[in-house]
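Below you'll find the structure, written out as structure tokens, and then a few comments.
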Amino acid sequence: GAEVVFSVDCTKLKDYFSPEKRDFDCIYFNFPHCGRKAGVVKNRELLAHFFHSSAEVLTEEGEVHVALCNGQGGTPADQPRREWHNSWQIVAVAAGAGFILSDVHPFRAETIHGYKCTGYRSQDKPFCVEGALNHIFTRSMQLPYFKPMICEIELESRKVSFQVPQVLVDKINRGFLELNSNHPVRTVKEKLTAELREAFPLQNADYCLSLVHRGHLNGVCHSNIFWIILSPEETPSTEEVSNGLANSVLFSHVDFCRNIDKSGWENIQERCHTSKQCYLRPSLLPYAQAILQRGAFHPGMLHVLSGPVFRKCLIGPYSMPVFHEMFFVCAVNRGTENSCIHILVNNIKTSIRSLYQTVSNLKVNISLQEAMSFETTELNDFAAFESQLSKTQYFICMETGDSGSCEKGSCVGIIRTAHYEQLSSELVVVFASLNLDLLAMLICGISDWRMLWTSDSRFLCQFPRGQLKLFKSFSLYPPSYVHDVSFWVPDGEQFDEVAFHTIARRVSGEMVISIQLIDSFQQTETGRKSLCYRLTFQSCDKALSRQEVAEMQLLFRKEINQCLGVTLR
């Protein structure tokens, strides 16, 4: 009863089907080839046209299946794997039409009733399909374009508004920890809370925590902070904000200079000195200290705070500009703080170990290690920043590999103690902080922190309410693209590498996964210094094409010239 259409041009599918018949659930293309001795370039072009054509006739949830001979695809699934330049680069080609590779499995002709392999060199005889693979592609969400976003909050009993830094626009007010959330970060938090409630009288204190904080942060490098300057008198229009002309909202140059020339930026800097500085909270520690100072606590009770915190940081696999912190504070009698730490850490370890073993059926080692045994270079950004914020006594490390040692990305929590004489000379305060995002990643086998923030429904559907599972990626072997940038650093200025990385995050929409310094040169005669960096672009959940990356690179070059004052080479 099926309708069969012959002589269909795979690059013009919509021309062969009327509009009411174009919504296909599946499109199969077994062993595409241009014919004769066509090289890899022509066959890539054939696939590119085919994928663009398929996008016009496929349903939103539809699939495109492409079977290729062993080695042609150019993915790690091919054994042996061809060199990239000698393959059909099928994942990169499909990305140009908005598709991601969601599954790949062996092509087995014997399982398809009536199927016969023919067409070798345009003849009616079979060709070798041993080791052939079937590649299954699905539609990707489009790359986002973020418009300026105004956030209104109440600060010190006054309503104020501020423009959200562009790099955080898709991460503000996501509600991961709300009651109706299925996000694994919330599930991890709830499991930890339930375990600790068995050992301590516990009180949640999340209800009045502002995203914006005002005040001095001792010891913290200012380049790690998302600074904002706001005034409650008026709310700027979106047009004013995008042009950098609003009086009521001003930002640090990294987040705000997109449409401002040098003279405009100097004017803004002058106005900043007359305004009150605020910043997006980089930690929940000040709020925990405020609880103590208000006396709103009972000795022995464990107060729990949780919410997103924001920190500028270098780009890396464990470097998150925003994550959800779970913060504990408990005041105990002097001399009993070690016992409190022991009970608190043991309950945290028991809960994490139980979650990890339930999800992966593997054992995990969780250890408490003295902070003084670590060099700064051995710490991930979470631990390094905490060490800036206040003296840290212990790190909570989670070792999931076979190394038997605490690796750079495995510090998931910190412990510190402090004395508050204004509180009581007989009391010692124990603080503990956990990175919930990193815990969720390690427990669920999520290799990329950006996946936690994806808007693709295929992520959350893997975590039904209250359940944690090993995550299965819906975007396999995403293509990566490498670009270099070389420039002269302004004379007499210290190059701000954190600002450099923050611009890369902003202009690429978090598509840059690595920035490496590959060359440094200084002229003997003038003393001018030149730096060369290598940027690697890759998406974890969306199709990313070569053309889109080229546009990001051009914008990045423009932005670092404008914002950091470097001279491009």
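The values are calculated or read from the model by the stated rules, or taken from the named source; none is laboratory data. What you see is a predicted model, and the numbers here were worked out from it, not measured in a lab. Cβ placement follows ideal geometry from the backbone for every residue including glycine, while neighbour counts extend to all protein chains displayed. Accessible surface areas use protein heavy atoms only, side chains included; no ligands, DNA or RNA. Shrake-Rupley method; radii C 1.70, N 1.55, O 1.52, S 1.80 Å.
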The one condition D103 fails out of (1) in a loop (DSSP other than H, G, I, E, B); (2) out of contact with any Lys or Arg (no Cβ under 8 Å at 6 or more places or on another chain) is (1)
Picked from region 52-70 (must be open to solvent by less than 10 Å² (accessible area, probe 1.4 Å) and either under 28 Å from the mean Cα position of the chain (by Cα) or without any contact (Cβ under 8 Å) to a residue 40 or more places away in the chain (or both)), the residue nearest to A109 (Cα to Cα) is V64
Checked region 160-173 for anything closer than 23 Å to Q277 by Cβ and either acidic (D, E) or open to solvent by 30 Å² or more (accessible area, probe 1.4 Å) (or both); matches are Q166, N173
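Yes/no matrix, rows are residues, columns are (1) buried (at least 17 other Cβ atoms within 10 Å of the Cβ); (2) under 19 Å from the mean Cα position of the chain (by Cα); (3) without any contact (Cβ under 8 Å) to a residue 60 or more places away in the chain:
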residue	(1), (2), (3)
D124	no, no, yes
H135	yes, no, no
R139	yes, no, no
G175	no, yes, yes
H183	yes, yes, no
R186	yes, yes, yes
E190	no, no, no
L202	no, no, no
A205	yes, no, no
Of the residues in region 1-51, those that are over 14 Å from A97 (Cβ atoms), touching a residue at least 24 places away in the same chain (Cβ under 8 Å) and in a helix (DSSP H, G or I) come to V40, N43
Filtering region 73-92 for residues that are free of Cβ contacts under 8 Å to residues at least 24 places away in the same chain and surrounded by 15 or more Cβ atoms within 10 Å (Cβ to Cβ) leaves a count of 2
If we ask which residues in region 357-389 are modelled with pLDDT under 85, touching a strand residue (DSSP E or B) at 6+ places or on another chain (Cβ under 6 Å) and buried (at least 19 other Cβ atoms within 10 Å of the Cβ), their number turns out to be 4
Within region 106-122, restricting to residues that are under 18 Å from Q79 (Cα atoms) and in a loop (DSSP other than H, G, I, E, B), the one that is least open to solvent (accessible area, probe 1.4 Å) is F107
The correct count of residues that are modelled with pLDDT under 70 and charged (D, E, K, R) in region 392-426 is 4
(request) Within region 429-442, identify whether any single residue is open to solvent by 10 Å² or more (accessible area, probe 1.4 Å) and under 30 Å from S514 (Cβ atoms), and answer yes or no. (result) yes
When R505 is run through (1) in contact with a strand residue (DSSP E or B) (Cβ under 6 Å, 6 or more places away or on another chain); (2) under 30 Å from G74 (Cβ atoms), the failure sits at (1)
